[in-house]
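**Student:** Just passing along the structure, written as structure tokens.
The values are calculated or read from the model by the stated rules, or taken from the named source; none is laboratory data. Here the structure is a predicted model, which means the values were calculated and not measured. Here the Cβ positions follow ideal geometry from the backbone for every residue, glycine too, while neighbour counts run over all protein chains shown.
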Amino acid sequence: MIKVVAKFVIKSDRIEEMKSVCSDLIDETRKENGNISYELYQDVNNPEIFSFIEEWESQEALDQHMETDHFKKAEVHFGNFAAKDPEVNIYSLVK
């Protein structure tokens with residue numbers, strides 16, 4: 001099992017668009033084989049910061065997710081919304 005934390009800083013005038021795009025992405029991703037959980041959080045102190053916290057059965061499942069049409073479509077939007085490059089960390093369980 002692996003977890004992903006993907007942090008995005010979004011332009012302030014694109015926040016509502018980000019939420020809209022993410023709604024479709026989340027709904028479709030939760031249907032994927034190998035997805036355990038897929039959630040989006042917005043920072044309570046800085047509304048421009050969004051983080052996906054994801055849990056996948058395997059790296060293979062995550063790799064397949066990144067090849068889906070809904071992920072690729074959202075990725076294009078994220079590039080337009082971003083105030084800076086995203087920070088993506090992939091974790092494996094230590095204990």
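**Student:** I'd like the residue in the range 60-78 that is surrounded by 13 or more Cβ atoms within 10 Å (Cβ to Cβ) and of a type in the set (A, V, I, L, M, F, W, C) and, out of all such residues, is modelled with the lowest pLDDT.
**Tutor:** Step by step, filter the range 60-78, then rank; the result is Phe78.
**Student:** Can you tell me which residue within the range 19-34, out of those that are surrounded by fewer than 16 Cβ atoms within 10 Å (Cβ to Cβ) and polar (S, T, N, Q), is farthest from Ile2 (Cα to Cα)?
**Tutor:** So the residue we want is Ser20.
**Student:** Next up: Mind checking whether some residue in the range 2-14 is part of a loop (DSSP other than H, G, I, E, B) and surrounded by fewer than 16 Cβ atoms within 10 Å (Cβ to Cβ)? Give the steps one after another, and end with the answer.
**Tutor:** Taking the range 2-14 first, the residues part of a loop (DSSP other than H, G, I, E, B) are 11.
Those still in the list that are surrounded by fewer than 16 Cβ atoms within 10 Å (Cβ to Cβ) too: 11.
Yes, that holds for at least one residue.
**Student:** OK, next. Could you check the range 44-59 and list, in sequence order, the residues that are surrounded by 12 or more Cβ atoms within 10 Å (Cβ to Cβ) and either in contact (Cβ under 8 Å) with a residue 40 or more places away in the chain or assigned to a helix (DSSP H, G or I) (or both)?
**Tutor:** Initially, the range 44-59 is screened for residues surrounded by 12 or more Cβ atoms within 10 Å (Cβ to Cβ), giving 48-57, 59.
Across the range 44-59, the qualifying residues are Ile49, Phe50, Ser51, Phe52, Ile53, Glu54, Glu55, Trp56, Glu57, Gln59.
**Student:** So Glu16 fits all but one of (1) touching a helix residue (DSSP H, G or I) at 6+ places or on another chain (Cβ under 7 Å); (2) farther than 17 Å from Glu57 by Cβ; (3) of a type outside the set (S, T, N, Q); what number is the exception?
**Tutor:** Checking Glu16 against (1) touching a helix residue (DSSP H, G or I) at 6+ places or on another chain (Cβ under 7 Å); (2) farther than 17 Å from Glu57 by Cβ; (3) of a type outside the set (S, T, N, Q), the one that fails is (1).
**Student:** Kindly evaluate Tyr38 against the criterion of being over 14 Å from the mean Cα position of the chain (by Cα) and part of a strand (DSSP E or B).
**Tutor:** no
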